[in-house]
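Working notes, beginning with the structure itself.
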Amino acid sequence: MLLAGLCIAGAASAQSPVLAVIKFQDESGALPFQGGAGRVLTNMLTTELAARPAFTVVERQKLRDVLEEQALSESGRLSEGDNAKLGQLLGADYLVTGTVTAFEENIETKVTGGGLFRRGKVEAVSQGGYLAVDLRVIDAHDGRIAYARTVEGFTEKKVESMTLEGGSFGSIGNGPDARATRAAVIEIIDFLECAVVTREAACLAEYAARDARRVEETRKAATVR
């Protein structure tokens, strides 16, 4: 009986935490015609989390059905009581949500050569992308925020080009850089694996050190009046 009890305890400890990704709010103004950067990040994060064996992710349709049935919001603006209720209905351990607070990408487009019957060239040069997310990880059992941190995604300089045919061309390099969003998503997932799965002191200390460096760099960059 003791051995059976130990086996059951071991299986419970090895069970992956269940996460529900609530739609991230978007205050950056990026991608206004595609639902915003928050929608893009939400979908990307859900897919990437589901691909990690360390997590079990609530299917998006099930989440929508529960939210609609209970007349709750998918925006992430839920009360503590609503968070706990939603977690219970979904069987989730944590609700993952947040706000996209900034997106920056400096793109310069150049058109060279070309004419009515001549080939030309369009070149779009991105000096790099930046995306900032205020992440909130909510304990779905009591509705309280278990973890909160700012996550940033960066990309390097990128050049895209295409050939013009007869003076006509399509758009290139439009909208937020998906690579910056993907970088932020990977950073979020790595943090979640550290915070809610392994909970190792070393990785938690590393994330705390990163946050301290970010705060210090922001403080130095701020203008003192």
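For the reader, a short list of remarks on this structure follows.
- Bridging of LYS220 to aspartates and glutamates at a Cα separation below 18 Å is possible for GLU152, ASP211, once same-chain residues fewer than 8 apart are set aside.
- 14 Å beta-carbon shell around VAL197, net charge (K/R +1, D/E -1): -2
Read-outs: derived from the displayed coordinates by stated rules, not from any lab. Computed from a prediction, not measured in an experiment: that's the story for all the values here. Every residue, glycine as well, gets a Cβ built from its backbone with ideal geometry; the counts of neighbours run over all protein chains shown.
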